[in-house]
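All of the numbers you see were taken from the coordinates with simple rules; none came from a lab. What you see is a predicted model, and the numbers here were worked out from it, not measured in a lab. Backbone-built Cβ (ideal geometry, glycine too); neighbour counts: all protein chains shown.
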Number of protein chains: 2
Amino acid sequence: MTALINDRLLRALRREPVDVTPVWLMRQAGRYLPEYRATRSRAGDFMSLCQSPQLALEVTMQPLERFALDAAILFSDILTVPDAMGLGLYFEEGEGPRFRQPVTTPAAIEALPIPDAERDLGYVMDAVRLIRRELAGRVPLIGFSGSPWTLATYMVEGQSSRDFRTIKRMLLDQPEALELLLDKLTLAVTDYLNGQIAAGVQAVQIFDTWGGTLTTGWYERFSLRPMARIVAGLNPAPDGSRVPVILFTKQGGLWLERIAATGCDALGLDWTVDIGEARARVGDRVALQGNLDPVVLYASPAAIRHEVGDILARYGAGNGHVFNLGHGIHPQIEPDHVAALVDAVHELSLPYHRVQG
Amino acid sequence: MTALINDRLLRALRREPVDVTPVWLMRQAGRYLPEYRATRSRAGDFMSLCQSPQLALEVTMQPLERFALDAAILFSDILTVPDAMGLGLYFEEGEGPRFRQPVTTPAAIEALPIPDAERDLGYVMDAVRLIRRELAGRVPLIGFSGSPWTLATYMVEGQSSRDFRTIKRMLLDQPEALELLLDKLTLAVTDYLNGQIAAGVQAVQIFDTWGGTLTTGWYERFSLRPMARIVAGLNPAPDGSRVPVILFTKQGGLWLERIAATGCDALGLDWTVDIGEARARVGDRVALQGNLDPVVLYASPAAIRHEVGDILARYGAGNGHVFNLGHGIHPQIEPDHVAALVDAVHELSLPYHRVQG
């Protein structure tokens, strides 16, 4: 494979010196871009977009044509793995993801197959190969998966939930069933991410969108432990190098020390955490990614620039910072505001890297 | 006024010895009780229920007839203050609170009057006086208000919000307007709580439901600082004693040290925080209230009892714990499950207080 031209992201994830702070954005390929909406409407429904490697390539590349981003992220959905387990993922317009066959009984969990990445999720692996070829070393490609807990919430609730009452009831009244589901998902996600690595992704992120809704004890047992097992089970890249892993638990600010202890390379931070305080807590062990409130992108470009500067200043000088939002870009955001953000990161971070060796 | 027969709550808030851990529950008077639903349907709409001192008395007393709770809490809504400022609070069935006149411009904020508790919110003060008389010292009565930030979110957004994009845009692009709104609300809430204290409430809680959606820096400036000013502005009770103040920021677990530094008497904890870790962080300065996940009440009584025991054990022996949920009771909960919770707190906490006094 081609050598990387822009390797800022991988250097920052390894806490090595960089010229400026690298930046990518969760949901950087998405509905806020008119060209995404055009591809999406050509594809028909959202799943057809995910399942076409050619269209996934197309939307993955779109934000890189507009903005000076330092990474591409595979365009896909976090729920492809449960879909490959036979749950029948579909999207109701304006309603979010749903499953035709939610998993609500121990027997249904017992019966769940563990998908094979190449055989059952080949469309994702094909997309990774196409994107790597198209990128030609311009920036690294990030792969991803949902965390076992986060996938399990959708599988048991059947859809998004406000309070997770069905899965938490399973946690309390049938904990062995939930453990079995999480064990299966841990194996499936490990295989899925290893498939992505074999196909060419150069870093991976695990999205633990709903771990932050748990008590501390439950988080450790039902969300963090499965993620730690995945981190331990990941293969090196085909060239033998380590593939850095970013763990992102939304609303996980209480647990940064525990997350850093999993052996991951970086923590994704939501916007509520002060990134300077996070660095003081764990920055000698991991890189930190984040953490602009996505709602800041509704404000004026001047305000966006000010908030970017504030986060860079709070992180301070030195290595180990990857700039990102604290959650995904909203569909209503103006692309010009995203450009203001990306440019501000590169311009305003220069002084924090000047003294690097 | 009559002496208190059950003073466990006030003793725990002052971190004095008690025989068993006191317990009350956020939304203990509410839709999960059939007798509440009966009163509510007699009242017509929700605002009529809040605005009738006689009906507010009735629903305030209902949970005390069923459960061995250690406190009553005034039945009211957090949005009575903005309603008294002229915004026109109403409730769309199944939609949550709405304002007829949201406040979206600096001019509208300038024009907002600061209500006088006795004159403009007399129905609340009358309810407090009725409830105190009816309680006759059986348990203490807790008064409450929303925090300035939380009230401001509804006033600016006009209703509940998922991402607070309107008020955060004001925060970024018109911070002086937001500061003025928060200043007015700080004065109004201080006067409102002092009115409740004069009328007879024996402790107060400030509900900061939405402070946890802010960045750390914004939380300090726009939510915590106004709350600290309110704490400093509260009057003693008519008998000259200090009225303890509980600050409850949902999703505020990152900021416990900062909240404890306001001079409040107790912190309300949501369920994500480990209460033992919270005690290690701030328990030499404040009492702690919480923190069972309200979703636990959907599980079996045996599981509820187990989770109650777990929280009591994490808090450990000694003073300063008030048991509560980490957020309000859901309307679908079985009253029997609430009874299981209340009884478990009293039974299982006995060993943790045995060595006292």
### Query
What list of ³J(HN,Hα) values in whole Hz, one per residue of the range A:156-166 in order, does the Karplus curve 6.51 cos²θ - 1.76 cosθ + 1.60 (θ = phi - 60°) give from phi, with Gly and Pro shown as x?
8, 6, x, 5, 4, 9, 8, 10, 6, 5, 6
### Task
Tell me which residues come under 5 Å, amide H to amide H, from B:Leu325 once H is placed; ignore anything under 5 positions away on its chain.
B:Met26, B:Leu292
### Task
Would you mind listing the distances between the B:Asp284 label point and the same position in each other copy? Use 7 Å along Cα-to-C-beta, nm, one decimal, shortest first.
2.3
### Task
First measure r as the distance between the Cβ atoms of A:Phe91 and A:Gln174, then evaluate 1/(1 + (r/R0)^6) with R0 = 25 Å and state the FRET efficiency to the nearest 0.05.
0.30
### Message
At 7 angstrom along the Cα-to-beta-carbon line, where would the label on B:Pro238 sit relative to the other copies? Give the distances in nm, shortest first.
### Response
8.2
### Task
For B:Phe144, list long-range residues whose amide hydrogen, built 1.01 Å from N in the peptide plane, is under 5 Å from its own amide hydrogen.
B:Gln205
### Query
Over what distance in Å are the Cα centres of the range B:235-305 and the range A:302-339 separated?
33 Å
### Task
With r as the distance between the Cβ atoms of B:Ala317 and A:Asn235 and R0 = 51 Å, compute the FRET efficiency 1/(1 + (r/R0)^6) and round to 0.05.
0.55
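Hey, fewest Cβ within 10 Å first, where do B:Arg229, A:Arg8 land in order?
B:Arg229, A:Arg8
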### Query
Count of lysine pairs in the protein assembly as shown with Cα atoms under 24 Å apart, counting only pairs 8 or more residues apart in sequence or on different chains?
9
### Query
Residue by residue through the range A:37-48, which ³J(HN,Hα) values in whole Hz follow from phi under the Karplus form 6.51 cos²θ - 1.76 cosθ + 1.60 (θ = phi - 60°), with glycine and proline marked x?
4, 5, 5, 4, 6, 5, 6, x, 8, 4, 5, 5
### Task
Out of all DSSP beta bridges with both ends in chain B, state the antiparallel percent to the nearest 5.
20 percent
## Note on the structure
FRET efficiency (A:Arg42, B:Asp45; Cβ distance; R0 51 Å; to 0.05) is 0.55
### Query
Where nothing but the Cβ of Lys and Arg (+1) and of Asp and Glu (-1) is charged, how large is the charge dipole of chain B around its Cα centre, in debye to the nearest 20?
380 debye
## Note on the structure
The alpha-carbon center of the range A:74-124 and that of the range A:161-195 are separated, in whole Å, by 13 Å
### For the range A:27-287, projected area of the alpha-carbon convex hull averaged over all directions, nm²
13.6 nm²
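Given C-alpha coordinates of the protein assembly as shown, what is the ratio Rg to Rh with the Kirkwood estimate of Rh?
0.98
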### Message
Along the Cα→Cβ direction, 7 angstrom out, place labels at B:Glu110 and B:His306. What is the inter-label distance in nm?
### Response
6.2 nm
